[in-house]
Amino acid sequence: GFQPSLDLIFSLCPNERQTLLFSATFPDQIKSISRNIMQDPVTVKVTETHNAKTIRQRFYSVDDNSERTMAVRLLLQEYQPETALIFCTTKVETQELADDLHSFGFSTSALHGDLEQKDRDQTLVRFSNKSLSVLVATDVAARGLDIDNLDMVINYHIARDPEVHVHRIGRTGRAGSKGIACSLISEKEVQKVI
């Protein structure tokens, strides 16, 4: 979705330049983009980014969305994270979950593509300065967020793509800090994690 923007940016850059690309994963789409914008690139890989000592992953079985919502509330009450990022798959689901958590007294807000840019920026500032403790977001809205010391990530639904799951849980446990990643999983989603 960001290819036209990249094309415009690089059309305005000088031909002689140094271009660096950093990514937690390197899928074929990114490889294709990098071939078009980089000349003789050198690839540097980190052998292990996270381990069980930095990110504890937990999976919780749920039957339906009402159980998912209850499970999120219980996880937030149990772990009491200072900051938590919850990933949902749709904008509607994101907003509904944020509204539900707010009605139960959680300091929360939604981050999705239907929000105006100034509202997204304001939400991120509030989350960064910890005046907001729970951020409910879609994958697209959360792409590229760099949040320091994120205590917890909750996957409301399992990501369709395993690399998206890596991006999601990689938001916590960064730079030597520790975090927890909880994923809510139904019987239909079990094959995604096996």
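If I ask for residues that are over 11 Å from Ile185 (Cα atoms) and touching a residue at least 40 places away in the same chain (Cβ under 8 Å), which ones from segment 57-87 would you list?
Matches in segment 57-87: Gln57, Val72, Leu75, Leu76, Tyr79, Pro81, Glu82, Thr83, Ala84, Leu85, Ile86, Phe87.
Residues checked against (1) modelled with pLDDT under 85; (2) of a type outside the set (S, T, N, Q); (3) farther than 29 Å from Asp64 by Cβ; (4) in contact with a His (Cβ under 6 Å, 6 or more places away or on another chain):
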{"residue": "Asp99", "(1), (2), (3), (4)": "no, yes, no, no"}
{"residue": "Ser109", "(1), (2), (3), (4)": "no, no, no, no"}
{"residue": "Val153", "(1), (2), (3), (4)": "no, yes, no, no"}
{"residue": "Ala175", "(1), (2), (3), (4)": "yes, yes, yes, no"}
Fill in the blank from the handout: From the option list Lys53, Lys91, single residue qualifying as basic (Lys, Arg) and at pLDDT below 90 is Lys53
Problem - Thr90 being over 18 Å from the mean Cα position of the chain (by Cα), closer than 30 Å to Phe26 by Cα and of a type in the set (S, T, N, Q) - result: no
Handout entry: Given (1) modelled with pLDDT under 80; (2) within 26 Å of Val140 (Cβ to Cβ); (3) charged (D, E, K, R), number of the condition Arg35 does not satisfy
Key = (1)
Completion exercise
By residue number, the members of segment 1-19 that are modelled with pLDDT of 85 or more and hydrophobic (A, V, I, L, M, F, W, C) are Leu8, Ile9, Phe10, Leu12, Cys13
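The values are calculated or read from the model by the stated rules, or taken from the named source; none is laboratory data. As the structure is a prediction and not an experimental result, all values here were calculated from the model. With ideal geometry, Cβ positions are generated from the backbone for all residues, glycine too; neighbour counts draw on all protein chains shown.
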